[in-house]
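Some notes on the structure that comes next.
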Amino acid sequence: MTIISPSILSCDFSKLAEEVKLTAKAGAEYLHVDVMDGMFVPNLTIGPCVVSAIRPHADIVFDLHLMINEPIRYIAEFKKAGADIITVHEEACSDVTETLKAIRALGCKAGLSIKPKTDPEKLRPYLPYCDMILIMTVEPGFGGQSYIHAATENIRAAAKMIKEGGYDIPIEVDGGITNETIKEAAAAGATIFVAGSAVYKKPDIARAIWELRENAAI
């Protein structure tokens, strides 16, 4: 099943509630929320108060991507704000296993992400605690970047180890997803696609989401 998770990082923040409502009406299954702390990545975005404010405006899965150091400190706040999935970075946790367990204990699905240059083998020990794997196909921190094609190998490697381990864990990709690059990511094993500019910079959000889904199936 192909899932499109539009990233609100590319929204018009002056009309955020309206954009979130429109995203749900346009047929998106997930809403991707990028949380950045200015330390793990060189940018600052939003916190639990914004997630809480927009949660009533969309009855879809809130897919939170925490690009912050030691995210275990804040996962309870993001759960309370309305998160359904909480994804953390392997590179940002001093104890990855405990962080993933803590996310699950709160009743959220636990995701684990790696940057493009991180060896995907680092994911292997944590697969028993994961409900989703997120492969970054740009360097995290800013929207609007171009897809790093070398990162497609990370998708393939993750898909292989998931299959070898007998796990049922979907792979999400984030970064530079367009109607063209989504084909490459899907062929490598991804089924959940984060798209920012490819959705919110188009005149018809519903059509943009439909086109992405159709191209993922090619």
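The values are calculated or read from the model by the stated rules, or taken from the named source; none is laboratory data. All of these numbers come straight from a predicted model, not from anything done at the bench. Counting neighbours? That spans all protein chains shown, and the Cβs are built from the backbone with ideal geometry, glycine included. All accessible areas refer to the heavy atoms of the entire protein, side chains included, with ligands and DNA or RNA removed. Shrake-Rupley method; radii C 1.70, N 1.55, O 1.52, S 1.80 Å.
Computed quantities for the displayed model
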{"item": "Solvent-accessible heavy-atom area per residue, rounded to whole Å², over the chain at 1.4 Å", "result": "43 Å²"}
{"item": "Estimated dipole of the chain in Debye, rounded to 20 [Cβ of Lys and Arg +1, of Asp and Glu -1, Cα centre]", "result": "260 debye"}
{"item": "Heavy atoms of Arg124: accessible area, 1.4 Å probe, square angstrom to 10", "result": "100 Å²"}
{"item": "Rounded to the nearest 20 debye, dipole of segment 140-202 from Cβ charges on Lys, Arg, Asp, Glu", "result": "160 debye"}
{"item": "Size-normalised alpha-carbon gyration radius of the chain, reference 2.2 N^0.38 Å", "result": "0.92"}
{"item": "CD proxy at 222 nm, helix term only [per DSSP H run n ≥ 4: -39500 (n - 2.57); per residue of the chain; nearest 500]", "result": "-9500 deg cm²/dmol"}
{"item": "Global form of segment 95-218, assessed from the alpha-carbon gyration tensor, a/c cut-off 1.5", "result": "prolate"}
{"item": "Segment 100-162: C-alpha gyration tensor shape, a/c 1.5 cut-off, then a/b vs b/c", "result": "oblate"}
{"item": "Charge-dipole axis of the chain as Lys and Arg at +1 and Asp and Glu at -1 on Cβ define it, positive-most pick from Ala190, Gly166, Val51", "result": "Val51"}
{"item": "Accessible area of segment 65-184 belonging to carbon and sulfur atoms, whole % at 1.4 Å probe", "result": "49 percent"}
{"item": "Translational D in µm²/s for segment 6-67 (Stokes-Einstein at 4 °C, 1.567 mPa s, Kirkwood Rh from C-alpha pairs)", "result": "109 µm²/s"}
